[in-house]
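Below is one structure; the comments refer to it alone.
The values are calculated or read from the model by the stated rules, or taken from the named source; none is laboratory data. As the structure is a computational prediction, the values presented were derived from the model and not from experiment. Note: ideal-geometry Cβ built from the backbone for every residue, glycine included; neighbour counts use all protein chains shown. What goes into the accessible areas is simple: the full protein's heavy atoms, side chains included, and nothing from ligands, DNA or RNA. Shrake-Rupley method; radii C 1.70, N 1.55, O 1.52, S 1.80 Å.
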Amino acid sequence: TSRRTKATRRLLPRQIEHLALLPTPAAQPHLAFSKGLPKGQTSHVICNAVSSSPQLLRTKSRAVPIRLVYAGRLSIEKDPLLLVAALRLLPDTFNLTMVGDGPLMAQIQSAGYDLVKAGRLQLVGYQPWAVERYRDFDMSILASHFEGCPLAALESISAGVPCVGIAIPAMVEIFGSGAPFLLAKERSAESLAKIVQTVAAMSHDAMQQDLVRIALRYQVSNFSKHWLQLVRSC
């Protein structure tokens, strides 16, 4: 980042009375970079929201493999290669569909060639995606190095499909207090595979209330309420 860009990022927010920021994990680096808020300025953290109401957990059929899905960009910050490595450590009854495209597609095709041939890894490229599509799967999975407020995780649980991932700050903010069982504490294929198997073995009753409670926190009504409170305070 150029010196001019850095100076702009520090000085411009200081001309604003109220500063609306993305979720806490994204807000903290900004505030640290800007060396805190100037006197008289207030900051407000407003999270992402999902428009659909929380649904009951999808009932998994025991007659088919356990179907995992990743929907997102195939890029370094999302770490999709870790998902391929974790799939290798899972029993053959697990498969993974990757929906999306990006600069790592060729590497993933090479690293997962045998898994594709065996039918355990499907690389379907970019496709239009909607919340309801998650219900075609038993679990969604993320391995991002960084997220603001991961909409993919919120959409998944709103569709009644548990989402597992790495315990980065954004995922901890969403699941840490309500459903810590969804998070791998270490960034490793072994840790992620273990969490996937743990969640796959859990009963729906053990997860349902926790996931609905989390999804309700991120409804559009709360999103709108927070923005209205901010506008009225100006």
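Sort out which residues of the range 155-185 are in contact with a Phe, Trp or Tyr (Cβ under 7 Å, 6 or more places away or on another chain) and under 13 Å from TYR70 (Cα atoms), and write them in order of number.
GLU155, SER156, VAL161
I'm checking my understanding of the structure. Among residues of the range 48-71 that are within 13 Å of the chain's Cα centre (by Cα) and modelled with pLDDT under 95, which one is least open to solvent (accessible area, probe 1.4 Å)?
Result: VAL50.
Select, from GLY112, GLY100, GLY125, the only residue that is in contact with a helix residue (DSSP H, G or I) (Cβ under 6 Å, 6 or more places away or on another chain) and over 20 Å from ALA200 (Cα atoms).
GLY112
Select from the range 165-205 the residues that are charged (D, E, K, R), in a helix (DSSP H, G or I) and either touching an Asp or Glu at 6+ places or on another chain (Cβ under 8 Å) or free of Cβ contacts under 8 Å to residues at least 40 places away in the same chain (or both) and list them in ascending order.
Within the range 165-205, LYS194, ASP205 qualify.
Are any residues in the range 96-132 small (Gly, Ala, Ser) and out of contact with any Gly (no Cβ under 8 Å at 6 or more places or on another chain), and if so, which ones?
Selection gives GLY102, ALA106, SER110, ALA111, GLY112, ALA118, GLY119, ALA130.
Restricting the search to the range 114-146, which residues are open to solvent by 30 Å² or more (accessible area, probe 1.4 Å), assigned to a loop (DSSP other than H, G, I, E, B) and out of contact with any strand residue (DSSP E or B) (no Cβ under 6 Å at 6 or more places or on another chain)?
ALA118, GLY119, TYR126, PRO128, ALA130, HIS145, PHE146
Taking ALA152 as the residue in question, decide whether it is open to solvent by 10 Å² or more (accessible area, probe 1.4 Å) and in contact with a strand residue (DSSP E or B) (Cβ under 7 Å, 6 or more places away or on another chain).
The answer is yes for ALA152.
Out of (1) more than 16 Å from LEU211 (Cβ to Cβ); (2) under 13 Å from the mean Cα position of the chain (by Cα); (3) not hydroxyl-bearing (Ser, Thr, Tyr), what's the single condition that is false for LEU183?
(1)
Kindly list the number of the only condition in (1) of a type in the set (A, V, I, L, M); (2) modelled with pLDDT of 90 or more; (3) open to solvent by 10 Å² or more (accessible area, probe 1.4 Å) that fails for LEU216.
For LEU216, the failing item is (2).
Are any of the residues in the range 157-164 part of a helix (DSSP H, G or I), under 11 Å from the mean Cα position of the chain (by Cα) and surrounded by 21 or more Cβ atoms within 10 Å (Cβ to Cβ)?
Yes, the conditions are met somewhere in the range 157-164.
How do the pairs read when you match residues in the range 88-113 that are without any contact (Cβ under 8 Å) to a residue 60 or more places away in the chain and assigned to a loop (DSSP other than H, G, I, E, B) with residues anywhere that are open to solvent by less than 20 Å² (accessible area, probe 1.4 Å) and of a type in the set (S, T, N, Q), using Cβ under 7 Å and keeping only pairs 6 or more apart or on different chains?
GLY102/SER75; PRO103/SER75; LEU104/SER75
Of the residues ALA206, ALA201, which single one is more than 21 Å from LEU151 (Cβ to Cβ) and open to solvent by less than 60 Å² (accessible area, probe 1.4 Å)?
That would be ALA206, the only listed residue that is more than 21 Å from LEU151 (Cβ to Cβ) and open to solvent by less than 60 Å² (accessible area, probe 1.4 Å).
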